[in-house]
Amino acid sequence: MTRAVDIVVIGSGVAGLSAALGLAATRDVLVISAGDGSTPWAQGGVAAAYGGDDPLDHAHDTDVAGAGFCDPRNVRALVEEGPQRLAELIAHGARFDRNADGSLSRTLEGGHGRPRVVHAGGDATGAEVHRALRSAVQLAGVETLHGRTVGLVKSDAGRVVGVLVETGGEVTQIDARAVVLATGGIGNAYLASTNPSSVRGDGIALALRAGASLVDMEFVQFHPTALFTGDTSGQLPLVTEAVRGEGAVLRDAEGRRIMAGRHPRADLAPRDVVARAIDATMRRDGSSHVWLDATGIAAEVLRERFPTVLASCARIGVDLVSEQIPVAPAEHFLCGGVRTDRDGATDVPGLYAVGEVAATGVHGANRLASNSLLEGLVFGRRVATTLTLDLPVAIAGRSRELLLDEDREPERIRAILTKYAGIRRDGAGLNAAVDELDALGNGPLATVARSVVVAAAARRDSRGCHWRSDYPGVDERWNEHLVVRLDEDGRPAVRQLLPSGTC
């Protein structure tokens, strides 16, 4: 079965829905959804220089958190266009929390120099953003097809001209003048993540198979405070760092503050700093978690601001109001991804990428808290504007299908990536990971995992959320971005270096 549309958007999170909404008035758009992705699970909020804040201050905080490795042009686009995109989201019906005077309530999160994070439902921002965008997209008449994209279609001229979607055990070909990847990150390539199981890196594998490049794949962010439930795999509940923004502190088993003296912002240091400190504490103490102490925050504040966190804690029998809660780092966000320009175009004609699957350079070596929803809003609109103004004409001629392989031993792949490419890495482990993954084929999980480990093995210094115990400092000789492409055997390999700031 074959059908045709102007544009296929693969993914129904904030980035995909923002792109679809921007295109709906002028183009025939089809959204393919294998699940709602990570957006509904986002707790903290949307960071934006709104209501008197200076976008340049937001840009500064973004770059500092990103270890000076961000693309300054794209960061500027993010912070300058962000307030307008937030205002449009509110116009579409998003209900953000407000103060008594009607102004938007803003909170402080790690890495930010001032409160600029707007939130909804206390700590249910992602769910509200997703609800508002999904409603707007439906009102605009955009169709959603529920299924998994298992391949791309490429013309003999080298352009992506369609997708292959599996629904109900059958594969449908959908021809398109352009395809937008908005598939999110790679969370389920690790054993434990804050992401749902549908987020497994398929977009990365699809892009590589089509001939696209990846960049910054070594920069995988671990959220410092996932709720420790005793599980070592699957999706773990998130404890938003806005709890620390309200005054909670991290403690070790003896009650000592973990972040005291480690960073000027202490518990509100950038995520990579806090995650490494927790990991070091757990290694020192031989423990599986540390403690988050929110007992100094007024009970009414906790109940109003963090109902999701309260409920998650209650499910494991812990009271956030009166007890310290167990937390540990978990895989959270991919700072790199498919290489794009600032308008979402990859280096394969007809293929675009937006959101966490894309690498625009706005996150550098470590994402600033609550910049992810903002990125989806801003760059979703930018790719929509590009395709509204300059949609390629469909090219006739022969085409070939680029189907994803099936993964062999997916749990083993996840275990390898977790063991060797977590918060703490070293050359011997990363090289062992490459050898072990080579025996497990070229399925999407294996492709994603190998993309991470070959980049991490190649980068022989430490910056942001890439930390190697054998190269623990920043080395300016590695002030370059690593580009990953498929080699002649269909496996990811580092193929090129790009100067910093030129993603």
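The values are calculated or read from the model by the stated rules, or taken from the named source; none is laboratory data. Owing to the predicted nature of the structure, the values given are computational and were not obtained by experimental measurement. Here Cβ is always computed from backbone atoms with ideal geometry, including for glycine, and neighbour counts include all displayed protein chains.
Numerical summary
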item: Conditions (1) within 16 Å of Arg131 (Cα to Cα); (2) assigned to a helix (DSSP H, G or I); (3) modelled with pLDDT of 95 or more; number of the one not met by Pro40; result: (3)
item: Residue, surrounded by the fewest Cβ atoms within 10 Å (Cβ to Cβ), within the stretch 113-131, restricted to residues that are of a type in the set (A, V, I, L, M) and within 18 Å of Gly37 (Cα to Cα); result: Ala127
item: Residue list for the stretch 160-173, restricted to those being closer than 29 Å to Ala127 by Cβ and either part of a strand (DSSP E or B) or at pLDDT 95 or above (or both); result: Val163, Val165, Glu166, Thr167
item: Residue identified as surrounded by fewer than 19 Cβ atoms within 10 Å (Cβ to Cβ) and among the polar types (S, T, N, Q) among Ser322, Ser312; result: Ser322
item: Meets criteria (part of a helix (DSSP H, G or I) and either closer than 25 Å to Asp272 by Cα or free of Cβ contacts under 8 Å to residues at least 40 places away in the same chain (or both)) for Glu80; result: yes
item: Options Gly234, Gly245, Gly230; residue that is surrounded by fewer than 24 Cβ atoms within 10 Å (Cβ to Cβ), closer than 13 Å to Thr194 by Cβ and either under 22 Å from the mean Cα position of the chain (by Cα) or not assigned by TED's automatic domain parsing to the domain that holds Thr125 (or both); result: Gly234
item: Candidates Val179, Val153, filtered to the one that is outside any helix (DSSP H, G or I) and under 24 Å from the mean Cα position of the chain (by Cα); result: Val179
item: Subset of the stretch 132-155 that is out of contact with any helix residue (DSSP H, G or I) (no Cβ under 8 Å at 6 or more places or on another chain), closer than 30 Å to Ser105 by Cα and of a type outside the set (A, V, I, L, M, F, W, C) - its residue that is surrounded by the most Cβ atoms within 10 Å (Cβ to Cβ); result: Ser135
item: Within the stretch 231-335, helices (runs of 4 or more DSSP H) holding 1 or more residues that are out of contact with any Gly (no Cβ under 9 Å at 6 or more places or on another chain) and within 19 Å of Trp467 (Cβ to Cβ); result: 271-285
item: Of residues in the stretch 198-218 being outside any loop (DSSP other than H, G, I, E, B) and of a type outside the set (Gly, Ala, Ser), the one farthest from the chain's Cα centre (by Cα); result: Arg209
item: Which numbered condition Leu86 misses (of (1) part of a loop (DSSP other than H, G, I, E, B); (2) touching a strand residue (DSSP E or B) at 6+ places or on another chain (Cβ under 7 Å)); result: (1)
item: Residue check, Thr346 modelled with pLDDT of 95 or more, within 28 Å of Thr26 (Cβ to Cβ) and surrounded by fewer than 18 Cβ atoms within 10 Å (Cβ to Cβ); result: no
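Conditions (1) of a type in the set (Lys, Arg); (2) within 30 Å of Ala136 (Cβ to Cβ); (3) within 14 Å of the chain's Cα centre (by Cα); (4) not assigned by TED's automatic domain parsing to the domain that holds Ala77, marked per residue:
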| site | (1), (2), (3), (4) |
| --- | --- |
| Thr346 | no, yes, no, no |
| Ala358 | no, yes, yes, no |
| Gly361 | no, yes, yes, no |
| Asp405 | no, no, no, yes |
| Ile423 | no, no, no, yes |
